[in-house]
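Q: Attaching a single structure in C-alpha cells format; questions to follow.
The values are calculated or read from the model by the stated rules, or taken from the named source; none is laboratory data. Being a predicted model, the structure only gives us computed values, none of them experimental. Heads up, the Cβs are rebuilt from the backbone with ideal geometry, glycines too, and the neighbour counts pull from every protein chain shown.
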Amino acid sequence: MSKLLENKRIFFYDFEVLSKLKDSRTGQSWWCVVFIDFDTRKGKLIKNSVNELIQFYNQFKDSIFVGYNSRQYDQYIFKGLMLDMDAGYISEQLIEHKLKGHNVVRNAFRLPLNNFDIMPNPPVPLKTLEGFMGSDIQESSVPFTIDRQLTDEEEKNLIKYCIHDVKETIKVFERLRHEFDSQLQLIEAFDLDMTLFNKTKAQLSAYILDAKKHDDRGDAFDHLIPDTLVLDKYNYVREWYENEFTSYIDPVTNKGRKLETVIAGVPTDYGIGGIHSALKNIDESGIILACDISSMYPALIIEYNYMSRNVPSIDKYINIRNERLKLKAEKNPKQQPLKIVLNATFGTFKDKFNAMYDERMSNAICIAGQLLLTDLAEKLEGHCKILQKNTDGIFMKVEREEDIEIVQSIAKEWEVRTRLDLEWDRFNRIIQKDVNNYILVPEGGLYYPNGKERWKAKGAFVKSLSDIDYDLPIVNKAVIAYFLKNKPVEETINECNKLREFQKIVKVTSAYDQGAWKNCTFSKRKVLNESTGKYSTKMMWNDGSGYALKDKTFRVFASNRDEDGGLFKKKSGANPAKFQNTSEKVFIDNEDVTQKTVPDYLDRQFYIDLSNDRINQFMGIKKNSSKKKADKEEIKQ
C-alpha cells in the first residue's frame, strides 16, 4: 500500500441537485450528497445542510474522495456549497451552460480536496458502465427539472438513486483500481504535493516536466523530417509531406491532404495520424512476424528532439526514460509511474488546455513515425510479404525459417541508423479484416496455464471484453470461437444460457430531444422532393404509433414475441431512428441481470445472423442483394 494512504480514508461520493426546486426551509436549491467509506462500506447522507457538510469536510478533509465525473462536477458542488453558493446555480452553469468549474466556483482553490475522478478517458456515462456490469440501470422516477416540493416517496426514491450510483462507482473503481494506484505512484515517485492529486495524468506529466503554457505559435505544419530517413523507391511520400500535404489545410479539421498509394504491395493511406496500410480480408497461415518500435513516441521525442517547446529542457524526460529502463530490467514496480509520464507526454501536445500543447511537435512525431515505417518496409520489400503497417509496427509473412534471420538482419541495420529499437513476436496465423481489425494466433495452445488468452485481437468484432466494456459479448465470443476453434456460431450461441451475454447497451444522446420510443411503426408513403418537384416512395413513421420511454439508457435483447417492437431514438421533425445493432423486435431489461437466465422469447437467431455477418465482413463476403435491399429499407426509416 502506498505511504500516501496511511491514516487516510477513502470516501466515494455523489451529489444530486434539483436546481429548479427551492427548499422551503433554506430557500436554496434542493441537494443531497451520499458518502460511503470504502473500507467499512458505511454511508453518510447529508441533505440541504451546509453546516453539516462543512462539519464533515473539516473532520475528513485529509481523506481521499472518489467520484464519477467529480473533477468536472461534484467537487465544485461540494466546494461551492461551503463557499455559500447555491447548488442549483452551480449545477446549471456546469451542465446547461457547459462552463468550467473553476470559472463558476472561482474560490474553489481555497478549499483543498483530495478528489479522484474514476471516469475513464475517453469519457463514458456511468449508467453505460452500470449496464455493462449487469447492474440495475433504471433512472430515478423524479425528474431533475422538478420545481415543486417532493413527496416523501419521491425523496426516498431520489436518495436511493444517489446511493445506488455511489455503490456502482465503487464497482467501477474496483475494476479500474490500477488507475487510482498509478496516480498515487506518480505523486509519490516525484514527491508531489497531494493538492495535485486531482489533476489528470496528462496534467501531472506537464507539471513534472516543468512545462509552461505558450500561445499558439501558428507553425503546426512546419514539421521536421527525421535526419536519418533514407527513402529511394518511395521517396515521393517524403516529397508529398514536404510539398503537397501542407498546400491545402481543411479549415474545419485543420488537417492537410491525404495520400493514397501502394507501398510494398499494400494499399497505404498517409495523413496526419498513424499510417493506415493493410491487406484486407486475409487469412494467412505460416511464419507470421510482428515487429513493433519499442516505446515509439518517447523514442522519437528523445532521439529527434521532438519534445514540446514549452518544456525548458528535454534532460528530465531523458533521465526519466533511463531510470525507467533500469528499474524495468530489475523488474522493479517503481518503473510504472515513470512509464506513465513517458507515455502520457505525446498525447498532451495536441491538448490546447495542457501546458505542453505544441501541435507542431505532435505533427512532426506522427509524420516521422509514418515515414520511418515506410523506410523499413522499403528495405524489407522482396524479402517477405508485408501484411500490415500500423502506427508503430509491421506485420509480415516469411516462407522459410532461414528468412527470419535475413529479415531481422535488414531490420537491425534500420535500427542502428534510426536509433530506434524493434521488438519481435512470432505467430502462425493472421485473420485480418483491415488495419484496425485482426486476430493474431500464436504457435502452440490458445491459452496460458492460468487460463489467460494467448492470441491477440484488435477491433470491436473480436476484442476481449472487460466487465466495463461488455456489449454483445456472445457475438464476440462466437466470432472468435469460429475462427480459432472452427466452432459453428450456432453452437456458441445456443449453448449459452446467461442473459447478460446477449445484452446490448444503448443510450439516447442529447441530440435526440424527443428521447427513446418503443414499438414505432412505419409505412410507405409518397414524399415530395421540393427541389425537383417529384414524388418518391419512402418509409415514414406512422404518427402517434409507439410510446415514449422515460429512461435514457437501455439494456436491449432481441425478441421473438409478436408484441415486441423495435427501440428507437427520436429528434424533432424527423423519423424515429432504430438503434444500431438492435433487432426489429426487442425487449428491455434495465434491472440487475447478473444472475438471470435466457427466457424462451430471446431471439437467438438474431445473434447468430449478426455473428455470421461479422465473420463475412472479416472474410470480405458481401451481403446478398436481398439483404442489401432490407438494409436500405432500414436506413430509410
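Let's see how each residue does on (1) in a strand (DSSP E or B); (2) closer than 24 Å to Met194 by Cβ; (3) of a type outside the set (A, V, I, L, M); (4) at pLDDT 95 or above:
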| position | (1), (2), (3), (4) |
| --- | --- |
| Tyr13 | yes, yes, yes, yes |
| Lys20 | yes, no, yes, no |
| Phe35 | yes, yes, yes, yes |
| Leu53 | no, yes, no, yes |
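Q: Can you say whether Ser277 is surrounded by fewer than 16 Cβ atoms within 10 Å (Cβ to Cβ), polar (S, T, N, Q) and closer than 30 Å to Val398 by Cα, as far as the supplied structure shows?
A: Values: surrounded by fewer than 16 Cβ atoms within 10 Å (Cβ to Cβ): no; polar (S, T, N, Q): yes; closer than 30 Å to Val398 by Cα: yes.
So Ser277 fails the test.
Q: If you go through region 143-183, how many residues are farther than 22 Å from Leu129 by Cβ and either in a loop (DSSP other than H, G, I, E, B) or not assigned by TED's automatic domain parsing to the domain that holds Phe15 (or both)?
A: The number of residues fulfilling the criteria is 8.
Q: Out of the residues in region 444-472 meeting the condition of being over 17 Å from Ile431 (Cα atoms) and in contact (Cβ under 8 Å) with a residue 12 or more places away in the chain, tell me which one is surrounded by the fewest Cβ atoms within 10 Å (Cβ to Cβ).
A: Taking the candidates together, the pick is Ser466.
Q: Related question: Can you tell me which residue within region 1-11, out of those that are outside any loop (DSSP other than H, G, I, E, B) and surrounded by fewer than 20 Cβ atoms within 10 Å (Cβ to Cβ), is nearest to the chain's Cα centre (by Cα)?
A: Among those that are outside any loop (DSSP other than H, G, I, E, B) and surrounded by fewer than 20 Cβ atoms within 10 Å (Cβ to Cβ), it is Ile10.
Q: Under 8 Å by Cβ, and 6 or more places apart or on different chains, what pairs join a residue from region 498-513 that is in contact (Cβ under 8 Å) with a residue 12 or more places away in the chain with one that is surrounded by fewer than 21 Cβ atoms within 10 Å (Cβ to Cβ) and among the acidic types (Asp, Glu)?
A: Filtered contacts from region 498-513: Leu499/Asp589; Gln503/Asp471; Lys504/Asp471; Ile505/Asp471.
Q: Filter region 527-565 for residues that are under 12 Å from Ile588 (Cα atoms) and part of a strand (DSSP E or B); which is nearest to the chain's Cα centre (by Cα)?
A: Thr553
Q: Hey, any hits in region 384-400 for a residue that's in a helix (DSSP H, G or I) and either more than 24 Å from Tyr234 (Cβ to Cβ) or touching a residue at least 12 places away in the same chain (Cβ under 8 Å) (or both)? Explain how you work it out, then say what you get.
A: First, pick out the residues of region 384-400 that are in a helix (DSSP H, G or I): none.
Within region 384-400, not a single residue is in a helix (DSSP H, G or I) and either more than 24 Å from Tyr234 (Cβ to Cβ) or touching a residue at least 12 places away in the same chain (Cβ under 8 Å) (or both).
Q: Determine which member of the set Tyr76, Tyr89 is crowded, with 17+ Cβ neighbours inside 10 Å and not charged (D, E, K, R).
A: That would be Tyr76, the only listed residue that is crowded, with 17+ Cβ neighbours inside 10 Å and not charged (D, E, K, R).
Q: Additional query: Do the conditions hold for Asn103, that is, is it polar (S, T, N, Q), touching a strand residue (DSSP E or B) at 6+ places or on another chain (Cβ under 8 Å) and at pLDDT 95 or above?
A: no
Q: Would you confirm whether any residue within region 46-63 is free of Cβ contacts under 8 Å to residues at least 60 places away in the same chain, touching a helix residue (DSSP H, G or I) at 6+ places or on another chain (Cβ under 8 Å) and of a type in the set (Lys, Arg)?
A: No; the residues of region 46-63 include none that is free of Cβ contacts under 8 Å to residues at least 60 places away in the same chain, touching a helix residue (DSSP H, G or I) at 6+ places or on another chain (Cβ under 8 Å) and of a type in the set (Lys, Arg).
Q: OK, next. Among the residues of region 147-159, write down those that are surrounded by 15 or more Cβ atoms within 10 Å (Cβ to Cβ) and touching an Asp or Glu at 6+ places or on another chain (Cβ under 9 Å).
A: Leu158, Ile159
Q: Sticking with this structure for a sec: Does Ile187 satisfy being farther than 25 Å from Thr26 by Cβ, assigned to a helix (DSSP H, G or I), of a type in the set (A, V, I, L, M) and not assigned by TED's automatic domain parsing to the domain that holds Val598?
A: yes
Q: OK, next. For region 11-43, what are the residues that are within 17 Å of Gln59 (Cα to Cα) and in contact with a helix residue (DSSP H, G or I) (Cβ under 9 Å, 6 or more places away or on another chain)?
A: Selection gives Phe11, Phe12, Tyr13, Val33, Val34, Phe35, Ile36, Phe38, Gly43.
Q: Condition first: within 30 Å of Glu453 (Cβ to Cβ), at pLDDT 90 or above and within 29 Å of the chain's Cα centre (by Cα). Can you find one or more residues in region 507-517 that meet it?
A: Step one: of region 507-517, the residues within 30 Å of Glu453 (Cβ to Cβ) are 507.
With at pLDDT 90 or above added as a condition, the list becomes 507.
Those still in the list that are within 29 Å of the chain's Cα centre (by Cα) too: 507.
The answer is yes, given that some residue of region 507-517 is within 30 Å of Glu453 (Cβ to Cβ), at pLDDT 90 or above and within 29 Å of the chain's Cα centre (by Cα).
Q: Please go through region 572-595 and pick out each residue that is under 28 Å from Val142 (Cα atoms) and touching a strand residue (DSSP E or B) at 6+ places or on another chain (Cβ under 8 Å).
A: Within region 572-595, Pro576, Ala577, Lys578, Phe579, Val586, Phe587, Ile588, Asp589, Asn590, Val593 meet the criteria.
Q: May I pose another question? Pick from region 190-200 the residues that are in a helix (DSSP H, G or I) and touching a helix residue (DSSP H, G or I) at 6+ places or on another chain (Cβ under 7 Å): which of them is farthest from Arg71 (Cα to Cα)?
A: Here the answer is Met194.
Q: Report yes if Val66 is buried (at least 17 other Cβ atoms within 10 Å of the Cβ) and over 24 Å from Glu179 (Cα atoms), otherwise no.
A: When the stated conditions are applied, Val66 does not pass them.
Q: Name the single residue that is modelled with the lowest pLDDT among those in region 223-256 being under 21 Å from Asp269 (Cα atoms) and charged (D, E, K, R).
A: Only one residue tops the list, namely Lys255.
Q: Now for a separate question. Restricting attention to strands (runs of 3 or more DSSP E) lying wholly within region 264-358, give those where 1 or more residues are over 20 Å from Asn437 (Cα atoms) and without any contact (Cβ under 8 Å) to a residue 40 or more places away in the chain.
A: none
Q: With in a loop (DSSP other than H, G, I, E, B) and crowded, with 18+ Cβ neighbours inside 10 Å as the only criterion, which of Tyr482, Tyr438, Tyr512 stands out?
A: Testing whether each residue is in a loop (DSSP other than H, G, I, E, B) and crowded, with 18+ Cβ neighbours inside 10 Å leaves just Tyr512.
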